[in-house]
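Q: My questions will all concern the structure given below.
The values are calculated or read from the model by the stated rules, or taken from the named source; none is laboratory data. Because the structure is a prediction, the values reported are computed rather than measured. Here the Cβ positions follow ideal geometry from the backbone for every residue, glycine too, while neighbour counts run over all protein chains shown.
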Amino acid sequence: MRESSSKIQRRPIPLVSTIGGAVIQFFHPLLHFTGTAWVIVKSSRLLLNSAKRRLFQKLFNHQLYSTGVRALYINVVVGALIGVLMISRLYDYLPGEALENQFGSLFVLIVIRELGPLISGLILIARSGTAVTYEIGYLQLQGEFGVLRGLGVNPAFILLLPVVIAFPVSLLIMFIYFDVVVFLSSYFMIWLSDPSARFTGLSMAVLEQIQNSELLINALKAVLGGLMIGLVSIHFGLKVSKDHLSISNAISTSVTIQLAVFLALNVLLSYLAYSR
Amino acid sequence: MALIVKNFRLEFPGNLLFEDLCLELPKQVICGIEACVLGGTTSLLKGLAGLIEEVTGEVSINGVSTFGLSERDRSQHIAISYEAGGLISFFNVYQNIILPLDYHNRLDQDISARVHALCEMFALDTQLLSSFPYDLNDVQIRIVNLIRALIVRPSLCLIDEFDGGMHEEMIELAFLGLKEFQKTHATTIIIATSQDVLLGEMDCAYKIEAHKLVEFEF
């Protein structure tokens, strides 16, 4: 049995309520975001149950396929173009042999450290972040979260947790696609101007330059970036309330924030890890 | 009595919806609540299901309070079928229907037969089981929602806006389906509807008046 709380009439104090209101208004989005993240984290305890884990696996696979695997074609197109552009530009500044000698360090410096994470993140935001914000917004608009709760099903576990876990994994997969495709298109460009350039030689030159720090920072960029993109997409999707217009507003705000935070995160991590 | 509601009170800021509402329903009863725009029927159904924090009072089904139920217990005792939506877009119809059972690891060997029997009961073409929610029209979505609510064989089934968008023949067919379901399952069903004809068919009918439920007869 639930008891109704007694109501005590209090006279509002204008200054205190104004300041309090402003503080609440300032921190409210942050509190809402933290609350969303907490609800999702809390739902992850259901993974301890084998039946729910099996169901989660299905949902996770679906999300990973949509976000990570189906992003292959756009990563290939963008990666191929970047490889072509990068090598053609570098040939303007470095003679052919010098470029081949420096290829390993230049590739790690430009592609693996910076362009790979950055462009993959931008593709994830544009392709999947917007889709998730729309999907969650639509579910919210249709009241599907309430329906699932009414059936004793945790909506955060079914609809949100798969996104939050699949996004970082997808981003990591996208880094790999991107780096491999840029390498292949770069090699193709080098081979066009110098058919004697050896594929294995250039591959080894790149692999020799990759250090643990690059792997660690890229993994961090994928985990933090993917989590942030997923959570922000969900957060704004859940804020959809009344009409379809609020979905487009949610997508617009979500993408703006994701771009700003993701770029800042990349710059910060690169600065902390690679600056001397 | 299967469903006992005592001193039910629901107030949102500046909007008192129900106060001192009492209701008692036996098992295997279909009870109608006359729905009107912004009348609070959806909130009442959610409140009875224990889904609204603001509710005070007492609601119990077969002696079990609906407030503070665990997810698993809720899925066993209560099912709610809403007016619209409610289906997960990337699951097909069959997966959507069995979701509450799959989620709680309560899938039986005969689950497929159960789903097909319910489809037959509500005249839903079984070919649609492999379709996705976006392939269905509004009425089919509503029927699938209803089947998903009934598949768990709940003690209390709450159905919001049962008839919206359905033509008379379909309403009759779906209602007969519910009666058929009740022959074999001791489910108490509450239906919110604006159809007078349908209210007249039910075991009892109530309307919301002065924040309470008042029984009336056709």
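Q: Tell me which residues, restricted to the range A:231-253, are among the polar types (S, T, N, Q) and either under 20 Å from A:Pro155 (Cα atoms) or surrounded by 21 or more Cβ atoms within 10 Å (Cβ to Cβ) (or both).
A: Selection gives A:Ser233, A:Ser241.
Q: Could you check the range B:99-114 and list, in sequence order, the residues that are more than 8 Å from chain A (Cβ to nearest Cβ) and in a loop (DSSP other than H, G, I, E, B)?
A: Selection gives B:Arg106, B:Leu107, B:Asp108, B:Gln109, B:Asp110.
Q: Here is a list: A:Ala131, A:Ala166. Which entry is under 18 Å from A:Lys58 (Cα atoms) and within 14 Å of chain B (Cβ to nearest Cβ)?
A: Of A:Ala131, A:Ala166, the one residue that is under 18 Å from A:Lys58 (Cα atoms) and within 14 Å of chain B (Cβ to nearest Cβ) is A:Ala166.
Q: I would also like to ask the following. Return the residue satisfying two criteria in turn: it lies in the range A:154-180 and is among the β-branched types (Val, Ile, Thr) and crowded, with 22+ Cβ neighbours inside 10 Å, and of such residues it is farthest from B:Pro133 (Cα to Cα).
A: Only one residue tops the list, namely A:Val164.
Q: Consider A:Ser213 carefully, then state whether it is loosely packed, with under 13 Cβ neighbours inside 10 Å, over 17 Å from the mean Cα position of the chain (by Cα) and in a helix (DSSP H, G or I).
A: It is true that A:Ser213 is loosely packed, with under 13 Cβ neighbours inside 10 Å, over 17 Å from the mean Cα position of the chain (by Cα) and in a helix (DSSP H, G or I).
Q: Suppose we keep only residues that are surrounded by fewer than 21 Cβ atoms within 10 Å (Cβ to Cβ), in a helix (DSSP H, G or I) and free of Cβ contacts under 8 Å to residues at least 40 places away in the same chain within the range B:55-98. Which one would you say is farthest from the other protein chains (Cβ to nearest Cβ)?
A: B:Tyr94
Q: Also, I was wondering about something else. Quick one: which of A:Ser50, A:Ser5 is modelled with pLDDT under 85, small (Gly, Ala, Ser) and either in contact with a Leu (Cβ under 9 Å, 6 or more places away or on another chain) or under 30 Å from B:Phe67 (Cα atoms) (or both)?
A: A:Ser5
Q: Restricting attention to the range A:95-114, report how many residues are in a helix (DSSP H, G or I) and over 15 Å from A:Ile210 (Cα atoms).
A: Summing the residues that are in a helix (DSSP H, G or I) and over 15 Å from A:Ile210 (Cα atoms) in the range A:95-114 gives 6.
Q: While we're here: Quick one: in the range A:47-64, which of the residues that are more than 10 Å from chain B (Cβ to nearest Cβ) and exposed (fewer than 14 other Cβ atoms within 10 Å of the Cβ) is farthest from A:Phe167 (Cα to Cα)?
A: Ranking the qualifying residues of the range A:47-64, first place goes to A:Leu48.
Q: Then there's this: For the range A:137-161, enumerate the residues that are within 11 Å of another protein chain (Cβ to nearest Cβ), of a type in the set (A, V, I, L, M, F, W, C) and assigned to a helix (DSSP H, G or I).
A: Hits for the range A:137-161 are A:Leu139, A:Leu141, A:Phe145, A:Val147, A:Leu148, A:Phe157, A:Ile158, A:Leu159.
Q: Regarding the range B:134-145, can at least one residue be identified that is out of contact with any strand residue (DSSP E or B) (no Cβ under 6 Å at 6 or more places or on another chain), more than 24 Å from B:Val59 (Cβ to Cβ) and among the aromatic types (Phe, Trp, Tyr)?
A: Yes, the range B:134-145 contains at least one residue that is out of contact with any strand residue (DSSP E or B) (no Cβ under 6 Å at 6 or more places or on another chain), more than 24 Å from B:Val59 (Cβ to Cβ) and among the aromatic types (Phe, Trp, Tyr).
Q: Continuing with this model, one more query. Identify all residues within the range A:171-200 that are without any contact (Cβ under 8 Å) to a residue 40 or more places away in the chain and of a type in the set (Gly, Ala, Ser); write none if there are none.
A: A:Ser196
Q: Run down A:Ser66, A:Ser88 and say which single residue is part of a helix (DSSP H, G or I), within 30 Å of B:Pro100 (Cβ to Cβ) and touching a residue at least 24 places away in the same chain (Cβ under 8 Å).
A: Going through A:Ser66, A:Ser88 in turn, the sole match is A:Ser66.
Q: While we're on this one: Restricting attention to the range A:77-98, which residues are under 21 Å from the mean Cα position of the chain (by Cα) and surrounded by fewer than 17 Cβ atoms within 10 Å (Cβ to Cβ)?
A: A:Val77
Q: Are there any helices (runs of 4 or more DSSP H) wholly within the range B:118-218 with 3 or more residues that are loosely packed, with under 15 Cβ neighbours inside 10 Å and at pLDDT below 90, and if so which?
A: By residue number, B:168-184, B:196-201.
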